[in-house]
């Protein structure tokens, strides 16, 4: 196992998926996995917040249970932006963007501020996967 010197280990802190029917998606994940759901309003893009655990992992299990969310699919959005992805927490979004580019990834735009959450920007890795980075508030 290797790690780059002087780069903090940045954990996966969130995941995202798209939905066609928010109520149906909320009902499915609640019924199938017991996840808690919260439907946010228009000011937050009708986001469906998903809570997958209310406490951290049990002793001996991997730490870092994460929650996630879902957003509405849109014909105006590229398909690769509507596939499941993970969000990686970083201490400095601009420095992380520089590292993504230097490692061969493609940053998709500039950071956007999510009120009460932090600075967020999606990127595509060297394998064509869409992920995002988030500097928490």
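Points to keep in mind about this one:
- Of all residues in the stretch 80-132 being over 20 Å from residue 44 (Cα atoms), assigned to a strand (DSSP E or B) and touching a helix residue (DSSP H, G or I) at 6+ places or on another chain (Cβ under 6 Å), the one that is modelled with the highest pLDDT: 107
- Against the conditions (1) at pLDDT below 85; (2) in contact with a helix residue (DSSP H, G or I) (Cβ under 8 Å, 6 or more places away or on another chain); (3) surrounded by 14 or more Cβ atoms within 10 Å (Cβ to Cβ), residue 28 satisfies every one except (2).
- Within the stretch 23-46, tally of residues that are within 21 Å of residue 86 (Cβ to Cβ), in contact with a strand residue (DSSP E or B) (Cβ under 7 Å, 6 or more places away or on another chain) and either touching a residue at least 40 places away in the same chain (Cβ under 8 Å) or not in a loop (DSSP other than H, G, I, E, B) (or both): 6
- Exactly one residue out of 76, 92 is without any contact (Cβ under 8 Å) to a residue 60 or more places away in the chain and surrounded by 12 or more Cβ atoms within 10 Å (Cβ to Cβ), and it is 92.
- Flag if residue 123 is touching a strand residue (DSSP E or B) at 6+ places or on another chain (Cβ under 6 Å) and in contact (Cβ under 8 Å) with a residue 60 or more places away in the chain: no
The values are calculated or read from the model by the stated rules, or taken from the named source; none is laboratory data. These figures come from a predicted structure and were not determined experimentally. Please note: Cβ atoms are built from the backbone with ideal geometry, for glycine as well, and neighbour counts cover all protein chains shown.
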